[in-house]
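Student: Take a look at the following structure, please.
The values are calculated or read from the model by the stated rules, or taken from the named source; none is laboratory data. It should be emphasised that the depicted structure is a prediction, and the values quoted were computed from it without experimental measurement. Methodologically, a virtual Cβ is constructed for each residue, glycine included, from the backbone with ideal geometry; neighbour enumeration extends over all protein chains shown. Just the protein is used for accessible areas: all its heavy atoms, side chains included, with ligands, DNA and RNA removed. Shrake-Rupley method; radii C 1.70, N 1.55, O 1.52, S 1.80 Å.
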Amino acid sequence: MPTILHNIQWNEQDDLLHTLLHPKYDIVQHPLEQGFEAEVIKLSCAQGDFVLKIWNQQAKPDIGSQYLLLQFLLAKGIAVSKPIGWGMLDNEDQVLLTTFDGTALTNMNKKKIVQTATLLSAIHHVKITESEYALLPKYDFVDYFFPDITMYTDISDILYQIMPMITLEQNRVIHGDFHLGNILTAENRYTVIDWTNGQLGDSRYDAVWSMTLQKIYISERYAEVFRDAYLAEHPIAEEELHIFEALACLRWILLARQGGITVQPQAQQNIKQVIANNPLLVERNCEV
């Protein structure tokens, strides 16, 4: 019986996809979520469970690059979902099929936070050969992480004052949006998902973005646990931490204004506290 998988024009695929496309396999669909960027569907059959992600919103990322990046990271021993195939629907919405690797982390504790920090550190320590650099996407930092920034002069004025304070080192694999919602667990194994923003970038920014999100959405205490565990394996100077935290706050404010992230009252209060504790933002009278 034809399934949603048969309605996709596959550009690249793993051998397993040939099996899933065989008509003898009944595939059951379970909608998981409809996010800002994509629809996520769980597919279950005799071969196991899989995840189909359909980019049917305004965002049109390069899924071909994401597919190759997942293959690259798997080969390097990083805990990511196995890519099964990527392609397009008739309306040109891009799709990515991967293995299903569990459920989101819950009941957080210090041990789990340390484990997530170790995961991110492992990603940032991936060794890249000269020939492999050409396989990984690389973007202009401001254009990519601060889209349409010129429309928000109060943010852009501060951003362009802070950017010259740091020399970006876009020579590491970064996730681009590493937070607890993008980590799945199954049978004591963690898997990092949602590599839409994966690219060659500055690992310091990637780490501090994650720390900042934890301060905003979880707690200052757990953010400090994450920070200490990460810095033990991947040191960052205190001055650089302030600079990248300021950039992370500016990006959060931009995304909040653009409707790209969820802004709850507590998160609003927490971001104000992060700003109040960052000397670079206090000096420049930054406001949410």
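Student: Would you pull out the residues with amide H under 5 Å of Ile84's amide H, same chain only if 5 or more places away, H placed 1.01 Å from N?
Tutor: Leu97, Thr98, Thr99
Student: Report the calculated FRET efficiency for Thr150 and Ala232 (r = Cβ-Cβ distance, R0 = 45 Å), to the nearest 0.05.
Tutor: For R0 = 45 Å, the calculated efficiency reads 0.70.
Student: Let me ask something additional. If you filter the range 102-201 for trypsin sites (Lys or Arg not before Pro), then keep DSSP loop positions with at most 15 other Cβ within 10 Å, what is left?
Tutor: Lys127
Student: Ok, one more. For Cα extents along the principal axes in Å, one of [x] 59, 50, 30; [y] 65, 44, 40; [z] 56, 37, 30 was computed from the structure I shared and the rest are decoys. Which label?
Tutor: [y]
Student: How many percent of the alpha carbon pairs in the range 4-74 exceed a separation of 20 Å?
Tutor: That fraction is 36 percent.
Student: Let me ask something additional. Would you please name the GluC sites (Glu not before Pro) within the range 4-105 that are DSSP coil residues with at most 15 other C-beta atoms within 10 Å of their C-beta?
Tutor: Of the GluC sites (Glu not before Pro), the ones in loops of the range 4-105 whose Cβ has at most 15 other Cβ atoms within 10 Å are Glu92.
Student: Stretch Asp143-Val114 to full length: gain in nm at 0.36 nm per residue minus the Cα-Cα span?
Tutor: 7.2 nm is the gain from fully extending Asp143 to Val114.
Student: Same structure again: For the chain, what is the accessible area per residue in Å², given a 1.4 Å probe and the full set of protein chains?
Tutor: Here the residues of the chain average 48 Å² of exposed surface.
Student: Right, here's the next one. Ignoring ligands, DNA and RNA, what percent of the 1.4 Å accessible area of the range 49-192 is carbon and sulfur?
Tutor: 50 percent
Student: Need one value: the accessible area of Asp140 in square angstrom, 1.4 angstrom probe, rounded to the nearest 10.
Tutor: Taking all protein chains as shown, Asp140 has close to 90 Å².
Student: Taking the chain as a Gaussian network, where each spring joins two C-alpha atoms under 10 Å apart, which residue of His175, His18, His125 fluctuates the most?
Tutor: Sorting by GNM fluctuation, first place goes to His18.
Student: Who wins for biggest fluctuation among Leu119, Leu97, Leu231 in a Gaussian network model of the chain, springs between alpha carbons below 10 Å?
Tutor: Maximum among the listed residues: Leu231.
Student: While we're looking at this one, here's another question. Past the 24 angstrom mark, what percentage of all C-alpha to C-alpha distances in the range 146-239 do you count?
Tutor: 30 percent
Student: Ignoring ligands and nucleic acids, what accessible area does Asp194 show with a 1.4 Å probe (Å², nearest 10)?
Tutor: Rounded to the nearest 10, that gives 50 Å².
Student: Kindly provide the trypsin sites (Lys or Arg not before Pro) of the range 16-77 that DSSP labels as loop, not H, G, I, E or B, and whose Cβ sees at most 16 other Cβ atoms within 10 Å.
Tutor: The qualifying sites are Lys24, Lys76.
Student: Can you send over the solvent-accessible area of Asp62, 1.4 Å probe, protein chains only, in Å² to the nearest 10?
Tutor: Answer for Asp62: close to 80 Å² accessible.
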